[in-house]
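S.K.: Dropping a structure here in structure tokens format, bear with me for questions.
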Amino acid sequence: MKETINSTVATIGKEVNKMKILLIILLVLAITAMFFAFKSKQKIALPPNARAGDLTLEPCDYKTKTAMYKAECGTLVVPENRLSPTSRLIAVPVKRIHTQSASPLAPIFYLGGGPGMSNMGFNPADELLAKHDVVLVGYRGVDGSSVLDCPEFSKATLGDGRGVFSDESLAIMTKAVKACSARMNAEGVDLSGYTIQQVVEDMEAARVVLGYEKINLLSESYGTRVAQVHAYPHPVSLNRSVMIGVNPPGRFVWEPAMVDAQIEYCSQLWAKDETARARTANLAETMQNVSRDMPKRWLFFPIDAGKVKTMAFVMFFNRNTSAMVFDAYVAAEHGDASGLALMSMAYDFIVPKSFVWGDFFTKGGSADLDPNRDYAATLRAPDSIIGSPVAFVIWAPLSQAWPQDKMPSELSEVHPTNVETLLVSGSIDFSTPAEYATKELLPSLKNGKQVILSEMGHVSDMWSVQPEATLRLITIFYDTGKADDSLYKYEPMDFHVSLGFPSLAKIMLGTGALIVIAVVTALWSVARRMRARKSNEATRQT
């Protein structure tokens, strides 16, 4: 009987662990498209007998929903550090998708988000391919033969188990950053070669070897910074440039004041929604109150306030997932912390491997690091609504531990340019607020235009909320230089959440509980039958 009970307890323990995992599944599915699209590593080998500038391409296919396009896939060999005459060589992937037009216009070179994320996951629509080749060149440090992975730091982002924003957790992350850079140096990696400047030269090398005189740039988020740097030394190579989610110099660090301002803006929109307002009159105040007095657990599930805030910031990039965060915070104010517990647990599954961390450290740090700033103190920002949690996880340990070579100062500044440029911004963009582009970049663009899309978030909203309008805006600009935003219709942010984190947590908890009950019932039934059998056998023997 004792063995049966022990077996039952062990089985229940296993089922509880399964339940914890199940609680994460729907959350991961909800934000996978938004978040994991950022990172898609593909390790390739350096070709034998390679020389700098070698391009090896083979036929491949590219298929959209309506058509099949001829394409070429291969590798481009480049120096790891063009500033070093003894630099080793590395290879980056290249993919060119050919337009079906008999009279193609200038090709489109894509520059995706990051740093620390792949540049090879873009799937251009038919509208972009109607008149233009589309070219993808992998980002050094993420794509290709040299990937700056930091498994040491991935593990360290979990913290000390008590609080990811604690001094103890920061010490663990800082130690991991030092260990990662030391290991890479021992392996012969020249970290000073992984800068935005060198990424730009990879694009130029590809342009030349592919035979293009001028190219268009289509950039997103971090990629817009690459596009800005590209326009300074190589303006004659560029035809037109479209930047979505614009990141001017100095803005790789997300600032607490900016995060607060965006939450306050969302709070104003919330107050205009009668149903939302009935739940809480002041959304920003609710978020600050919950953040300040966040419960330590829900049932037997721990809640790490730093992890909750980090997941909140990540999900603020998209208007739909933003609404889910607001719903969880409002529920917590009314005593239901289940959604926060789910967000806290999701952190461990999502954040550690969300970037190629070494790539972020080299490119982000070389561009925007301020050696005189106390990032730990300013980014935790206890008087802020949520502080700047993702920036804290990245910049506080980076600033203390990563060996950093700065890019030339002229490449870290805004410069006037004649390149025709279109800036596309959302009015609720927690990553790259529209006002940054308006105030800090647009005045330097002699042929610049900006379109601000009301109540849209970061890059993914541009492609998913009204994709036809976005494609029309981009293609007409490439063809004519005009910004035609006539297809966009006002679409207010929807704060209604049909299945939010609190509901998901309870559904999964209920499912787990039913599993546990079923297992316990089955084991109890087996034990009962065994006792009855033994009792019958004893009766027969007497």
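Where a number appears in this text, it was derived from the coordinates with a stated rule and is not lab data. Predicted model only: the values in this text are computed from it and were never measured. All Cβ positions, even for glycine, are placed from backbone atoms using ideal geometry, and neighbour counts span all protein chains on display.
S.K.: For the range 103-222, just say rounded, prolate or oblate: build the C-alpha gyration tensor, square-root its eigenvalues into a ≥ b ≥ c, call rounded for a/c under 1.5, and beyond that prolate if a/b exceeds b/c, oblate if not.
M.R.: Working: a/c = 3.88, a/b = 2.14, b/c = 1.81.
Note, shape of the range 103-222 comes out prolate.
S.K.: Additional query: So what are the range 235-370's ellipsoid semi-axes, whole angstrom, largest first, if each one is the square root of 5 times an eigenvalue of the alpha-carbon gyration tensor? Intermediate results must be reported in sequence, preceding the final value.
M.R.: Details: eigenvalues 203, 86, 31 Å².
With the √(5λ) rule applied to the range 235-370, the semi-axes are 32, 21, 13 Å.
S.K.: Mind ordering 432-444, 302-314 by average Cβ neighbours within 10 Å, highest first? Don't skip to the answer; put the middle values down first.
M.R.: Details: 432-444: 18.7, 302-314: 24.8.
Result, highest mean first: 302-314, 432-444.
S.K.: Mean 1/r over all different Cα pairs, inverted: what Kirkwood radius does the chain give, in Å? Before the final figure, lay out each step's value.
M.R.: Values: mean 1/r = 0.0396 Å⁻¹.
With all distinct Cα pairs of the chain included, I get 25.3 Å.
S.K.: Which angle from 0 to 90°, rounded to the nearest 10, does the C-alpha axis of helix 338-350 make with the longest principal axis of the chain?
M.R.: Tilt relative to the chain: about 60 degrees.
S.K.: Is the shape of the range 251-326 best called rounded, prolate or oblate, per the rule: a/c under 1.5 gives rounded, else a/b larger than b/c gives prolate, else oblate, with a ≥ b ≥ c the square roots of the Cα gyration tensor eigenvalues?
M.R.: On the way: a/c = 1.78, a/b = 1.14, b/c = 1.56.
Oblate shape, in that a/c is at least 1.5 and b/c is the bigger or equal ratio.
S.K.: Could you sort 222-232, 421-431 so that the peptide with the highest average Cβ count within 10 Å comes first and the rest follow in order? Write out the running numbers ahead of the final one.
M.R.: Working: 222-232: 26.3, 421-431: 24.7.
In descending order of packing, they fall as 222-232, 421-431.
S.K.: How large is the charge dipole for the range 382-453, taken about the Cα centre, if only the Cβ atoms of Lys, Arg (+1) and Asp, Glu (-1) carry charge, to the nearest 20 debye? Could you put the intermediate results ahead of the total?
M.R.: Values: 4 positive and 8 negative charges, 26 e Å.
Using Cβ point charges on Lys, Arg, Asp and Glu, the range 382-453 gives about 120 debye.
S.K.: Shifting gears a bit: Set the Förster distance to 45 Å, then compute FRET efficiency between Lys446 and Lys70 from the Cβ-Cβ distance, nearest 0.05. Intermediate values should be presented prior to the final figure.
M.R.: Numbers: r = 37 Å, r/R0 = 0.83.
Here the calculated transfer efficiency is 0.75.
S.K.: Tell me the volume per residue, in Å³, of the convex hull enclosing the alpha carbons of the range 204-281. Mind dumping the intermediate values first?
M.R.: Numbers: hull volume 10.0 nm³, N = 78.
Roughly 128 Å³ of hull volume per residue.
S.K.: Then there is this: Starting with the highest mean, order 139-147, 104-112, 269-277, 499-507 by the number of other Cβ atoms within 10 Å, averaged over the residues of each peptide. Don't skip to the answer; put the middle values down first.
M.R.: Working: 139-147: 26.3, 104-112: 22.3, 269-277: 14.7, 499-507: 20.3.
Ranked from most to least packed, the peptides come out as 139-147, 104-112, 499-507, 269-277.
S.K.: Evaluate the distance, in nm, between pseudo-label points positioned 7 Å from the Cα of Lys353 and of Ile507 along their respective Cα→Cβ axes.
M.R.: 2.5 nm
S.K.: Taking amide H positions as placed in the peptide plane 1.01 Å from N, state which residues far from Gly121 in sequence (5 or more) or on other chains have amide H under 5 Å from it.
M.R.: Amide H neighbours of Gly121, under 5 Å, 5+ apart: none.
S.K.: Right, something else. May I ask for the angle, rounded to the nearest 10°, between helix 2-35 and the longest principal axis of the chain, with both axes built from Cα atoms and the value confined to 0 to 90°?
M.R.: With both axes taken from Cα atoms, the answer is about 30 degrees.
S.K.: Oh, and also: Taking only DSSP H segments of four or more residues, each worth -39500 (n - 2.57), what value at 222 nm results for the chain once the sum is divided by all its residues, to the nearest 500 deg cm²/dmol? Could the numbers behind the result be given before it?
M.R.: Values: 18 runs with 253 residues, N = 542.
Result for the chain: -15000 deg cm²/dmol, rounded to the nearest 500.
S.K.: Let me ask something additional. So who's got an amide H within less than 5 Å of the one on Leu453, skipping anything under 5 residues away but keeping other chains? H placed 1.01 Å off N, in plane.
M.R.: Ser425, Gly426, Ser427
S.K.: Based on the alpha carbons, how large is the Rg to Rh ratio for the range 43-105 when Rh follows Kirkwood?
M.R.: Working: Rg = 15.3 Å, Rh = 13.6 Å.
When Rh is taken as the Kirkwood radius, the ratio is 1.13.
S.K.: What shape does the range 412-485 have by the C-alpha gyration tensor, where a ≥ b ≥ c are the square roots of the eigenvalues, rounded means a/c under 1.5, and otherwise prolate means a/b greater than b/c and oblate the rest?
M.R.: Note, shape of the range 412-485 comes out oblate.
S.K.: If you don't mind, another one. Sequence-distant or interchain residues sharing an amide H contact under 5 Å with Phe165, placed H: which?
M.R.: Amide H to amide H, under 5 Å and 5 or more residues apart or across chains, Phe165 pairs with Gly306.
S.K.: If you take every DSSP beta bridge fully contained in the chain, what fraction is antiparallel? Give it as a percent rounded to 5.
M.R.: So the antiparallel bridges in the chain amount to around 50 percent.
S.K.: Rounding to the nearest 10 and keeping the result within 0 to 90°, find how far the Cα-based axis of helix 467-480 lies from the longest principal axis of the chain.
M.R.: Tilt of helix 467-480: around 10 degrees.
S.K.: Dipole size in debye (nearest 20) for the chain around its Cα centre, Lys and Arg Cβ +1, Asp and Glu Cβ -1?
M.R.: Details: 54 positive and 56 negative charges, 470 e Å.
For this selection, approximately 2260 debye.
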